[in-house]
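The values are calculated or read from the model by the stated rules, or taken from the named source; none is laboratory data. Because the structure is a prediction, the values reported are computed rather than measured. Heads up, the Cβs are rebuilt from the backbone with ideal geometry, glycines too, and the neighbour counts pull from every protein chain shown. Calculation scope for accessible area: heavy atoms of the full protein, side chains included, ligands and nucleic acids excluded. Shrake-Rupley method; radii C 1.70, N 1.55, O 1.52, S 1.80 Å.
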Amino acid sequence: MVYLLLGILLWVVVHALPSVGLDVKKQLVARIGVMAYRGLFSMVVVFSIVLMVYGWKQTSPQLLYVLPEVVAPIAKSLIYVAFVLLVAVGFATRLKRVFRHPQLTGVLLWSIGHLLMNGDNRSVLLFGFMALWALVEMLLINRREGVWIKGEVPVVAKEVMIVAIGTVLYVGVMFLHPYVSGVAIL
């Protein structure tokens with residue numbers, strides 16, 4: 001459980017820099033440069049994910065709740081939409097006209113989907129924190145950036161491409177899931 005908590009804490013701290021530690025971020029960028037900052041940020045994020053996965057695998061699951069099987073298709077649908085939203089963040093898309101924060105909304109839906117299917121202590125800790133983090137980040141970014149200015153409406157072909165990439169990513173993760181989390185979902 002310690003590694004899981006350390007991974008979550010590291011994730012939150014590194015992501016808090018742009019939101020609440022903007023001066024620290026600016027000083028760091030001024031000192032090491034923007035590319036080095038991005039590289040360092042990426043390495044710390046990857047390390048936090050490694051810690052979370054390792055900690056999740058090392059924590060003995062203790063069941064806290066069980067939801068009826070009828071929620072499984074709902075949960076899987078939320079996770080699928082999350083993958084499409086995660087892909088959408090890198091493109092001009094109509095989804096960005098509906099969701100101000102497609103990536104954070106994707107993390108929130110991904111977390112909720114996992115909480116609907118997994119009622120053990122380690123899942124509640126990981127996915128509960130990730131959901132809470134996504135909500136807080138959205139609020140902090142909204143406060144920092146002010147009024148939401150929606151982008152132009154892109155062509156429909158781009159929307160189809162985003163859904164296709166999201167679908168491929170979702171299917172790929174389904175196949176890799178047992179190797180990453182130790183839990184087969186197919």
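A few points about this structure:
- Shape call, region 40-86: gyration tensor on alpha carbons, a/c limit 1.5: oblate
- Fraction of the pair-distance distribution of region 101-186 above 20 Å, Cα-Cα pairs, percent: 52
- Along principal axes, Cα extents of region 30-186, largest first, whole Å: 46, 43, 29
- Most mobile of Val70, Val50, Val34 in a GNM of the chain (Cα contacts under 10 Å): Val70
- FRET efficiency, Leu63 to Ser42 (Cβ-Cβ, R0 35 Å, nearest 0.05): 0.50
- Phe129, Phe41, reordered so the largest accessible area comes first (probe 1.4 Å): Phe129, Phe41
- Segment Leu176-Ile32, extension gain: residue separation times 0.36 nm, minus the distance between their alpha carbons: 48.2 nm
- Whole-percent carbon and sulfur share, accessible surface of region 17-83, 1.4 Å: 69
- Selected from Leu132, Leu85, Leu116 as most flexible by GNM, with the chain as the system and alpha-carbon contacts under 10 Å: Leu132
- Region 5-60 - convex hull of the alpha-carbon atoms, volume per residue in Å³: 60
- Sorted largest first by accessible area at a 1.4 angstrom probe radius, with every protein chain in place, the residues Lys57, Lys26 fall in the order Lys26, Lys57.
- Sorting Ile74, Ile112 on solvent-accessible area from highest to lowest, probe radius 1.4 Å, gives Ile74, Ile112.
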